[in-house]
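K.L.:
Supplied in structure tokens, the structure appears directly below.
A short reminder: the numbers here are calculations on the coordinates, not readings from a lab. Keep in mind that what you see is a predicted model, and the values were worked out from it rather than measured. A quick note on method: Cβ atoms are made from the backbone with ideal geometry, for glycine too, and the neighbour counts reach across all protein chains shown.
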Amino acid sequence: MKNLFVGLLGAFALFSFVATSAGLWSLDGAHSRLGFTITHNGITQVHGNFTKFNMEVTTPNEDFNGATITLNAEAGSVNTGIEARDNHLRTADCFDAEKFPAISFKSTSVKETKTKGTYAIEGELTMHGTTKKVVFNGVHTGNSKNYQGAVVAGLQVTGLVKRSEFGMGQVSPGLSDEVKLQADLEVVKN
């Protein structure tokens with residue numbers, strides 16, 4: 001009888017751990033940035049970001065292995081710090097934000113690599129009306145608690161995309177086709 005009780009207690013403890021470690025995480029927009037860098041004339045890095053975006057992460061266990069990630073950004077919220085350039089990026093020459101207002105990503109696989117806390121994030125990126133399979137690198141930079149006592153996690157996601165693969169032609173003669181993406185994200189466990 002004692003062994004049965006200990007076994008049930010152990011099974012309950014394991015179930016409780018799994019149930020509390022899995023979860024839904026939402027973006028803390030005040031502590032997150034969705035940015036990009038593109039090379040100009042082969043010598044200068046031009047930086048920008050999207051000021052309006054949201055993200056949700058669903059985790060099946062205590063880490064981000066096997067997570068599902070969805071991210072949506074408003075193409076019209078592109079910001080490089082120069083109004084004339086931003087207005088041009090919103091036109092049909094680039095994002096065509098009026099016709100294609102959303103940029104979205106949905107993961108199909110999130111797998112931890114050989115280095116603990118780093119992940120290969122595969123998924124589908126939709127931009128400018130075109131969807132392509134992409135692979136990004138993810139790093140879980142740690143957990144903490146916010147001022148309200150909620151559990152928060154830091155994530156950094158990086159990768160490369162080619163504008164031409166999304167139907168974005170030559171925006172400016174000096175811009176590279178390759179764009180570096182970097183998202184520095186803080187997510188809050190709901």
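K.L.:
Tell me the net charge near GLU165. Cut-off is 11 Å between Cβ atoms, GLU165 excluded, with +1 for each Lys or Arg and -1 for each Asp or Glu.
P.N.:
+2
K.L.:
Give the calculated FRET efficiency between SER176 and ASN61 to the nearest 0.05, with a Förster radius of 25 Å applied to their Cβ-Cβ distance.
P.N.:
Calculated transfer efficiency: 0.05.
K.L.:
By how many nm would the segment from GLU124 to SER164 lengthen if fully extended, with 0.36 nm per residue of separation less the alpha-carbon distance?
P.N.:
12.8 nm
K.L.:
Something else: Using per-residue counts of other Cβ atoms within 10 Å, averaged over each peptide, order 68-77, 98-107 from highest down.
P.N.:
Output ranking for 68-77, 98-107: 68-77, 98-107.
K.L.:
Taking a cut-off of 26 Å between Cα atoms, list the lysines near LYS52, but don't count ones fewer than 8 places away on the same chain.
P.N.:
LYS99, LYS106, LYS132, LYS133, LYS145, LYS162, LYS180, LYS189
K.L.:
Which Cα, out of THR126, ASN79, HIS140, lies furthest along the positive dipole direction of the chain (beta carbon charges, K/R +1, D/E -1)?
P.N.:
Of THR126, ASN79, HIS140, it is HIS140.
K.L.:
Same structure again: Taking Rg and Dmax of the Cα atoms in Å straight from the coordinates, which label in (i) 23.3, 83; (ii) 25.2, 89; (iii) 20.1, 79 is the correct one?
P.N.:
The calculated read-out lines up with (iii).
K.L.:
May I pose another question? With a ≥ b ≥ c taken as the square roots of the eigenvalues of the C-alpha gyration tensor of region 88-141, please select rounded if a/c is under 1.5 and otherwise prolate if a/b is larger than b/c or oblate if it is not?
P.N.:
It comes out prolate by the Cα gyration axes.
K.L.:
Provide the net charge surrounding ILE121, with neighbours chosen by a C-beta distance below 13 Å and charges set as Lys +1, Arg +1, Asp -1, Glu -1.
P.N.:
0
K.L.:
Oh, and also: Give, in nm to one decimal, the length gained when the segment between LYS114 and LYS145 is fully stretched (0.36 nm per residue of separation minus the Cα-Cα distance).
P.N.:
The LYS114-LYS145 span can extend by a further 8.4 nm.
K.L.:
To test your reading of the geometry: what angle, between 0 and 90 degrees and rounded to tens, separates the Cα axis of helix 2-21 from the longest principal axis of the chain?
P.N.:
Helix 2-21 and the main axis of the chain meet at about 20 degrees.
K.L.:
Now a separate question. With a/c under 1.5 counting as rounded, go ahead and sort region 118-184 into rounded, prolate or oblate using the C-alpha gyration tensor (a ≥ b ≥ c being the square roots of the eigenvalues; past the cut-off, prolate if a/b is larger than b/c, else oblate).
P.N.:
prolate
K.L.:
Normalised by the number of residues in the chain, what is the relative contact order in percent for Cα pairs under 8 Å and 6+ residues apart?
P.N.:
22 percent
K.L.:
Determine the sum of side-chain charges near THR130: Lys and Arg each +1, Asp and Glu each -1, restricted to other residues whose C-beta is under 14 angstrom from that of THR130.
P.N.:
+2
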